[in-house]
Amino acid sequence: MKSHRIFSLGILVVALLLTATSVRAQFSYESSLSLSGGAYAASGFGTNHYVGVRYNYFFLGGRYFVEAALGFSSLRSRVLESVSNLRLFDTQRLYAYEFVGAYDASPSGYIPFITAGFAGINQGGQSRFAGVLGLGKRIPLPGFLGTNQLGLRYDIRDHIFEQRVNGGDSFIAHNIGFTLGMQLYF
Amino acid sequence: MIACLLIPHSGIIAQDSVPVTTKQQAVLIDLNDGVTFEVSPHTGLMGSSGIFGLRLSMNYSSFNLELAGEQVIGRTANLYPISVNVILNLATRGRLIPYGAVGTGLLFAVPTNTIGDETVSSIGVNFGGGARYYLTSKFGIRAEVKQYITTVKSNRDLRDELLIFQEISLGVTFMFR
(Lines give C-alpha, C1' and ligand atoms only; values in the text may rest on other atoms or scores of the structure.)
Protein backbone atom coordinates (compact mmCIF):
# COMPACT_ATOMS: atom_id res chain seq x y z
CA MET A 1 0.00 0.00 0.00
CA LYS A 2 2.84 2.37 0.88
CA SER A 3 4.59 1.67 -2.43
CA HIS A 4 1.29 2.36 -4.21
CA ARG A 5 1.07 5.78 -2.57
CA ILE A 6 4.68 6.57 -3.40
CA PHE A 7 4.08 5.55 -7.02
CA SER A 8 0.98 7.75 -7.23
CA LEU A 9 2.84 10.68 -5.72
CA GLY A 10 5.66 10.17 -8.20
CA ILE A 11 3.22 10.26 -11.12
CA LEU A 12 1.82 13.53 -9.78
CA VAL A 13 5.28 15.08 -9.42
CA VAL A 14 6.24 14.03 -12.96
CA ALA A 15 2.99 15.48 -14.27
CA LEU A 16 3.66 18.76 -12.47
CA LEU A 17 7.15 19.02 -13.96
CA LEU A 18 6.37 17.96 -17.53
CA THR A 19 3.52 20.35 -18.17
CA ALA A 20 5.51 23.11 -19.82
CA THR A 21 8.48 21.45 -21.46
CA SER A 22 7.74 22.52 -25.00
CA VAL A 23 5.39 25.49 -24.67
CA ARG A 24 6.00 29.06 -23.71
CA ALA A 25 3.45 31.11 -21.84
CA GLN A 26 1.57 33.83 -23.66
CA PHE A 27 2.33 37.20 -22.21
CA SER A 28 0.46 39.27 -24.75
CA TYR A 29 -2.94 39.05 -23.05
CA GLU A 30 -3.90 41.08 -20.02
CA SER A 31 -6.82 39.04 -18.70
CA SER A 32 -8.22 35.55 -18.68
CA LEU A 33 -11.38 33.80 -17.65
CA SER A 34 -11.38 30.14 -16.73
CA LEU A 35 -13.92 27.48 -15.88
CA SER A 36 -12.62 24.82 -13.52
CA GLY A 37 -13.80 21.57 -12.06
CA GLY A 38 -12.36 19.11 -9.65
CA ALA A 39 -12.51 17.96 -6.06
CA TYR A 40 -12.84 19.85 -2.80
CA ALA A 41 -12.07 18.24 0.54
CA ALA A 42 -13.87 20.03 3.38
CA SER A 43 -12.03 19.36 6.63
CA GLY A 44 -13.97 16.90 8.78
CA PHE A 45 -16.66 16.28 6.17
CA GLY A 46 -15.21 14.62 3.12
CA THR A 47 -14.43 15.20 -0.54
CA ASN A 48 -17.01 16.35 -3.03
CA HIS A 49 -17.14 17.73 -6.55
CA TYR A 50 -16.17 21.38 -7.10
CA VAL A 51 -16.92 23.77 -9.96
CA GLY A 52 -15.78 27.34 -10.22
CA VAL A 53 -14.86 30.33 -12.35
CA ARG A 54 -11.72 32.43 -12.13
CA TYR A 55 -10.80 35.84 -13.51
CA ASN A 56 -7.12 36.75 -13.79
CA TYR A 57 -5.44 40.05 -14.53
CA PHE A 58 -1.78 39.78 -15.55
CA PHE A 59 0.82 42.51 -15.15
CA LEU A 60 4.57 43.04 -15.18
CA GLY A 61 5.11 40.74 -18.11
CA GLY A 62 2.71 38.06 -16.93
CA ARG A 63 4.88 37.06 -13.99
CA TYR A 64 2.38 38.53 -11.54
CA PHE A 65 -1.37 38.31 -11.59
CA VAL A 66 -4.33 38.90 -9.35
CA GLU A 67 -7.29 36.58 -9.32
CA ALA A 68 -10.91 36.62 -8.26
CA ALA A 69 -12.61 33.25 -8.04
CA LEU A 70 -15.97 31.79 -7.09
CA GLY A 71 -16.58 28.11 -6.56
CA PHE A 72 -19.33 25.76 -5.42
CA SER A 73 -19.13 22.42 -3.64
CA SER A 74 -20.94 20.44 -0.97
CA LEU A 75 -20.57 19.46 2.67
CA ARG A 76 -22.03 16.02 2.13
CA SER A 77 -20.33 13.47 4.37
CA ARG A 78 -20.92 9.80 3.72
CA VAL A 79 -19.34 8.93 7.05
CA LEU A 80 -21.73 11.13 9.04
CA GLU A 81 -24.69 9.89 6.98
CA SER A 82 -23.90 6.22 7.51
CA VAL A 83 -22.87 6.39 11.17
CA SER A 84 -25.40 8.68 12.78
CA ASN A 85 -27.40 10.53 10.09
CA LEU A 86 -26.09 13.67 11.80
CA ARG A 87 -26.92 17.09 10.37
CA LEU A 88 -24.64 19.80 11.64
CA PHE A 89 -25.68 22.68 9.36
CA ASP A 90 -28.92 23.96 7.90
CA THR A 91 -27.76 23.14 4.39
CA GLN A 92 -25.04 21.09 2.72
CA ARG A 93 -24.20 23.85 0.26
CA LEU A 94 -20.70 25.25 0.25
CA TYR A 95 -19.39 28.14 -1.77
CA ALA A 96 -16.11 29.98 -1.62
CA TYR A 97 -14.94 33.25 -3.12
CA GLU A 98 -11.26 34.09 -3.32
CA PHE A 99 -9.14 37.16 -3.85
CA VAL A 100 -5.50 36.20 -4.35
CA GLY A 101 -2.26 37.44 -5.79
CA ALA A 102 0.14 35.17 -7.58
CA TYR A 103 3.74 35.05 -8.71
CA ASP A 104 4.81 32.96 -11.69
CA ALA A 105 8.59 32.67 -11.57
CA SER A 106 8.75 30.49 -14.64
CA PRO A 107 5.79 31.04 -16.97
CA SER A 108 7.33 28.87 -19.70
CA GLY A 109 9.24 26.53 -17.45
CA TYR A 110 8.68 23.81 -14.92
CA ILE A 111 8.02 25.72 -11.75
CA PRO A 112 4.35 26.23 -10.81
CA PHE A 113 3.09 29.64 -9.80
CA ILE A 114 2.34 30.29 -6.15
CA THR A 115 -0.70 32.08 -4.82
CA ALA A 116 -1.60 33.73 -1.55
CA GLY A 117 -4.64 35.67 -0.50
CA PHE A 118 -7.93 35.52 1.30
CA ALA A 119 -11.24 33.78 0.84
CA GLY A 120 -14.76 33.82 2.19
CA ILE A 121 -16.08 30.32 2.87
CA ASN A 122 -19.80 29.77 3.35
CA GLN A 123 -20.32 26.29 4.79
CA GLY A 124 -23.89 25.31 5.51
CA GLY A 125 -24.99 28.94 5.81
CA GLN A 126 -22.15 29.99 8.11
CA SER A 127 -19.47 32.32 6.80
CA ARG A 128 -15.79 32.13 7.58
CA PHE A 129 -12.88 34.34 6.60
CA ALA A 130 -10.00 32.20 5.40
CA GLY A 131 -6.44 32.57 4.28
CA VAL A 132 -5.49 30.97 0.96
CA LEU A 133 -2.26 29.34 -0.12
CA GLY A 134 -1.82 27.49 -3.34
CA LEU A 135 0.03 26.70 -6.49
CA GLY A 136 -0.81 25.90 -10.07
CA LYS A 137 0.32 26.00 -13.65
CA ARG A 138 -0.94 27.64 -16.81
CA ILE A 139 -0.57 25.58 -19.98
CA PRO A 140 -1.30 27.65 -23.12
CA LEU A 141 -2.72 25.79 -26.12
CA PRO A 142 -1.75 27.90 -29.15
CA GLY A 143 -3.58 26.88 -32.29
CA PHE A 144 -6.17 24.85 -30.41
CA LEU A 145 -9.54 25.25 -32.13
CA GLY A 146 -7.89 27.76 -34.48
CA THR A 147 -7.06 30.35 -31.84
CA ASN A 148 -4.16 31.29 -29.56
CA GLN A 149 -6.46 32.36 -26.74
CA LEU A 150 -7.11 29.03 -25.09
CA GLY A 151 -5.18 27.20 -22.43
CA LEU A 152 -5.41 24.70 -19.62
CA ARG A 153 -4.62 25.24 -16.00
CA TYR A 154 -4.55 23.29 -12.79
CA ASP A 155 -4.75 24.71 -9.30
CA ILE A 156 -4.24 23.37 -5.81
CA ARG A 157 -5.64 25.58 -3.06
CA ASP A 158 -5.62 25.35 0.73
CA HIS A 159 -8.31 27.37 2.54
CA ILE A 160 -7.18 27.89 6.14
CA PHE A 161 -9.67 29.14 8.72
CA GLU A 162 -10.91 28.75 12.26
CA GLN A 163 -13.77 26.27 12.54
CA ARG A 164 -16.17 25.67 15.41
CA VAL A 165 -18.88 23.00 15.26
CA ASN A 166 -21.89 22.79 17.61
CA GLY A 167 -20.38 25.34 19.99
CA GLY A 168 -17.38 23.16 20.72
CA ASP A 169 -13.72 24.12 20.84
CA SER A 170 -12.41 25.91 17.80
CA PHE A 171 -9.77 24.36 15.59
CA ILE A 172 -7.86 25.32 12.46
CA ALA A 173 -9.41 23.71 9.41
CA HIS A 174 -7.77 23.12 6.05
CA ASN A 175 -10.08 22.75 3.07
CA ILE A 176 -8.08 21.50 0.09
CA GLY A 177 -9.21 21.86 -3.49
CA PHE A 178 -7.74 20.56 -6.73
CA THR A 179 -9.13 21.77 -10.03
CA LEU A 180 -8.42 21.44 -13.71
CA GLY A 181 -9.79 24.10 -16.01
CA MET A 182 -10.01 25.63 -19.44
CA GLN A 183 -8.69 29.19 -19.70
CA LEU A 184 -9.66 31.87 -22.20
CA TYR A 185 -7.19 34.75 -22.63
CA PHE A 186 -8.39 38.16 -23.84
CA MET B 1 -3.45 14.37 -15.01
CA ILE B 2 -3.58 12.40 -18.29
CA ALA B 3 -4.01 15.65 -20.25
CA CYS B 4 -0.94 17.11 -18.50
CA LEU B 5 1.12 14.06 -19.54
CA LEU B 6 -0.02 14.12 -23.18
CA ILE B 7 0.33 17.82 -23.97
CA PRO B 8 4.20 18.01 -23.93
CA HIS B 9 4.31 15.30 -26.61
CA SER B 10 1.93 16.94 -29.03
CA GLY B 11 4.64 18.97 -30.71
CA ILE B 12 2.94 22.26 -30.08
CA ILE B 13 5.28 25.19 -30.01
CA ALA B 14 3.88 28.39 -28.63
CA GLN B 15 4.21 31.72 -30.31
CA ASP B 16 7.08 33.82 -29.11
CA SER B 17 6.32 35.43 -25.80
CA VAL B 18 5.89 39.16 -26.01
CA PRO B 19 6.22 40.81 -22.68
CA VAL B 20 3.65 43.47 -22.00
CA THR B 21 5.45 46.75 -21.99
CA THR B 22 3.98 49.86 -20.63
CA LYS B 23 4.01 52.77 -23.03
CA GLN B 24 6.50 55.25 -21.72
CA GLN B 25 4.67 58.40 -20.77
CA ALA B 26 5.82 61.61 -19.14
CA VAL B 27 3.01 61.18 -16.57
CA LEU B 28 1.44 57.77 -16.11
CA ILE B 29 -1.82 58.96 -14.58
CA ASP B 30 -3.40 62.38 -15.11
CA LEU B 31 -6.80 62.74 -13.47
CA ASN B 32 -7.22 66.15 -15.09
CA ASP B 33 -7.44 64.49 -18.50
CA GLY B 34 -11.18 63.83 -18.57
CA VAL B 35 -13.47 61.60 -16.54
CA THR B 36 -12.26 58.13 -15.57
CA PHE B 37 -13.93 55.24 -13.80
CA GLU B 38 -12.43 52.77 -11.39
CA VAL B 39 -13.46 49.35 -10.10
CA SER B 40 -11.65 48.38 -6.90
CA PRO B 41 -12.11 44.96 -5.29
CA HIS B 42 -10.45 44.71 -1.91
CA THR B 43 -10.03 42.68 1.24
CA GLY B 44 -8.99 43.56 4.76
CA LEU B 45 -9.87 43.56 8.43
CA MET B 46 -12.45 45.33 10.56
CA GLY B 47 -11.37 44.61 14.11
CA SER B 48 -10.72 40.88 14.06
CA SER B 49 -13.21 40.18 11.28
CA GLY B 50 -12.27 39.75 7.68
CA ILE B 51 -13.87 41.82 4.95
CA PHE B 52 -14.41 41.63 1.22
CA GLY B 53 -15.65 44.57 -0.75
CA LEU B 54 -16.03 46.38 -4.03
CA ARG B 55 -15.77 50.09 -4.76
CA LEU B 56 -17.01 51.79 -7.92
CA SER B 57 -15.83 55.33 -8.46
CA MET B 58 -16.00 58.12 -10.98
CA ASN B 59 -12.93 60.35 -11.02
CA TYR B 60 -12.71 63.91 -12.17
CA SER B 61 -9.60 65.83 -11.29
CA SER B 62 -9.35 66.22 -7.54
CA PHE B 63 -12.69 64.66 -6.69
CA ASN B 64 -14.05 61.13 -6.87
CA LEU B 65 -17.59 60.01 -6.25
CA GLU B 66 -17.65 56.45 -5.00
CA LEU B 67 -20.18 53.72 -4.26
CA ALA B 68 -18.83 51.05 -1.90
CA GLY B 69 -20.21 47.78 -0.62
CA GLU B 70 -18.59 45.27 1.72
CA GLN B 71 -19.15 42.05 3.60
CA VAL B 72 -17.67 41.86 7.09
CA ILE B 73 -17.55 38.21 8.22
CA GLY B 74 -18.09 38.00 11.96
CA ARG B 75 -18.46 35.08 14.36
CA THR B 76 -22.18 35.43 14.98
CA ALA B 77 -23.26 37.89 12.31
CA ASN B 78 -22.18 39.43 9.03
CA LEU B 79 -22.09 43.19 8.56
CA TYR B 80 -22.81 44.76 5.20
CA PRO B 81 -21.80 48.46 4.99
CA ILE B 82 -23.05 50.15 1.83
CA SER B 83 -21.97 53.76 1.44
CA VAL B 84 -21.61 56.67 -0.92
CA ASN B 85 -18.31 58.48 -0.46
CA VAL B 86 -16.66 61.65 -1.66
CA ILE B 87 -12.91 61.43 -2.18
CA LEU B 88 -10.45 64.29 -2.34
CA ASN B 89 -7.33 63.35 -4.29
CA LEU B 90 -4.29 65.01 -2.77
CA ALA B 91 -2.50 64.61 -6.10
CA THR B 92 -3.91 64.36 -9.61
CA ARG B 93 -0.82 63.37 -11.61
CA GLY B 94 1.74 60.60 -11.27
CA ARG B 95 1.81 57.00 -10.06
CA LEU B 96 1.03 57.62 -6.40
CA ILE B 97 -2.21 59.37 -5.54
CA PRO B 98 -3.02 59.76 -1.84
CA TYR B 99 -6.54 60.76 -0.89
CA GLY B 100 -8.94 61.50 1.92
CA ALA B 101 -12.50 60.17 1.99
CA VAL B 102 -15.75 60.89 3.78
CA GLY B 103 -19.12 59.29 3.24
CA THR B 104 -22.42 58.06 4.57
CA GLY B 105 -24.54 54.98 4.12
CA LEU B 106 -26.32 52.02 5.63
CA LEU B 107 -24.92 49.23 7.77
CA PHE B 108 -26.84 45.93 7.79
CA ALA B 109 -26.05 43.40 10.53
CA VAL B 110 -27.32 39.94 9.51
CA PRO B 111 -27.14 37.25 12.24
CA THR B 112 -25.77 33.87 11.11
CA ASN B 113 -25.29 31.69 14.20
CA THR B 114 -28.14 32.78 16.44
CA ILE B 115 -31.79 31.84 16.47
CA GLY B 116 -34.50 34.48 16.66
CA ASP B 117 -32.32 37.51 15.96
CA GLU B 118 -33.31 39.80 13.12
CA THR B 119 -31.36 41.89 10.67
CA VAL B 120 -30.52 45.28 12.13
CA SER B 121 -29.90 48.28 9.90
CA SER B 122 -28.55 51.67 10.84
CA ILE B 123 -27.30 54.80 9.18
CA GLY B 124 -23.64 55.56 9.62
CA VAL B 125 -20.90 57.89 8.52
CA ASN B 126 -17.35 57.04 7.65
CA PHE B 127 -14.12 58.91 7.10
CA GLY B 128 -10.56 57.94 6.36
CA GLY B 129 -7.78 58.04 3.84
CA GLY B 130 -5.62 55.96 1.62
CA ALA B 131 -3.46 55.84 -1.44
CA ARG B 132 -3.58 54.41 -4.92
CA TYR B 133 -0.35 53.35 -6.62
CA TYR B 134 -0.66 52.69 -10.33
CA LEU B 135 1.55 50.04 -11.91
CA THR B 136 0.16 50.71 -15.38
CA SER B 137 -2.26 53.23 -16.85
CA LYS B 138 -5.09 50.76 -16.15
CA PHE B 139 -4.11 48.90 -13.01
CA GLY B 140 -2.93 49.75 -9.56
CA ILE B 141 -2.88 48.85 -5.90
CA ARG B 142 -5.05 50.60 -3.34
CA ALA B 143 -4.73 50.73 0.44
CA GLU B 144 -7.15 52.46 2.77
CA VAL B 145 -7.85 53.04 6.43
CA LYS B 146 -11.35 54.06 7.45
CA GLN B 147 -13.48 54.59 10.52
CA TYR B 148 -17.22 53.88 10.63
CA ILE B 149 -19.52 55.52 13.17
CA THR B 150 -23.11 54.45 13.71
CA THR B 151 -25.73 54.18 16.43
CA VAL B 152 -27.93 51.24 17.36
CA LYS B 153 -30.74 51.02 19.89
CA SER B 154 -29.82 48.91 22.90
CA ASN B 155 -32.31 46.16 23.80
CA ARG B 156 -31.63 46.62 27.50
CA ASP B 157 -32.49 50.28 28.08
CA LEU B 158 -33.67 51.37 24.62
CA ARG B 159 -30.97 54.05 24.49
CA ASP B 160 -28.88 54.65 21.40
CA GLU B 161 -25.41 53.18 21.61
CA LEU B 162 -22.56 54.70 19.64
CA LEU B 163 -20.55 52.09 17.73
CA ILE B 164 -17.19 52.82 16.16
CA PHE B 165 -15.44 50.40 13.78
CA GLN B 166 -11.96 50.70 12.30
CA GLU B 167 -11.23 49.12 8.96
CA ILE B 168 -8.01 48.59 7.07
CA SER B 169 -8.15 47.29 3.52
CA LEU B 170 -5.85 46.41 0.64
CA GLY B 171 -6.92 45.78 -2.91
CA VAL B 172 -6.41 46.50 -6.55
CA THR B 173 -7.97 49.06 -8.83
CA PHE B 174 -8.83 48.92 -12.52
CA MET B 175 -9.16 52.22 -14.37
CA PHE B 176 -11.33 52.80 -17.42
CA ARG B 177 -11.96 55.82 -19.62
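The values are calculated or read from the model by the stated rules, or taken from the named source; none is laboratory data. Keep in mind that this is a model prediction, so the values were computed, not measured. Don't worry about glycine lacking a Cβ; one is built from the backbone with ideal geometry, like all the others, and counts go over all protein chains shown. Only protein heavy atoms, including side chains, enter the accessible area calculation; ligands, DNA and RNA are left aside. Shrake-Rupley method; radii C 1.70, N 1.55, O 1.52, S 1.80 Å.
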Check your understanding: Quick one: net charge of B:VAL35's neighbours, Cβ under 14 Å, K/R +1, D/E -1?
Key -> -3
Review point. Quick one: what Rg and Dmax do you get for segment B:21-135 from the alpha carbons, in Å?
Key: 17.1, 60
**Study point:** For residues of A:143-150, the mean tally of beta carbons on other chains within 10 Å
**Key:** 1
Check your understanding: What total accessible surface area, summed over both chains, is buried at the interface between chains B and A, computed with a 1.4 Å probe and given in Å² to the nearest 100?
Key -> 3200 Å²
Practice item. Let me know the charge dipole size of segment B:60-171 about its Cα centre in debye, to the nearest 20, where only the beta-carbon of Lys, Arg (+1) and Asp, Glu (-1) is charged. Key: 540 debye
Check your understanding: Which loop-located GluC sites (Glu not before Pro) does segment B:47-123 contain, where loop means any DSSP state but H, G, I, E or B and the Cβ has at most 10 other Cβ atoms within 10 Å?
Key -> B:GLU118
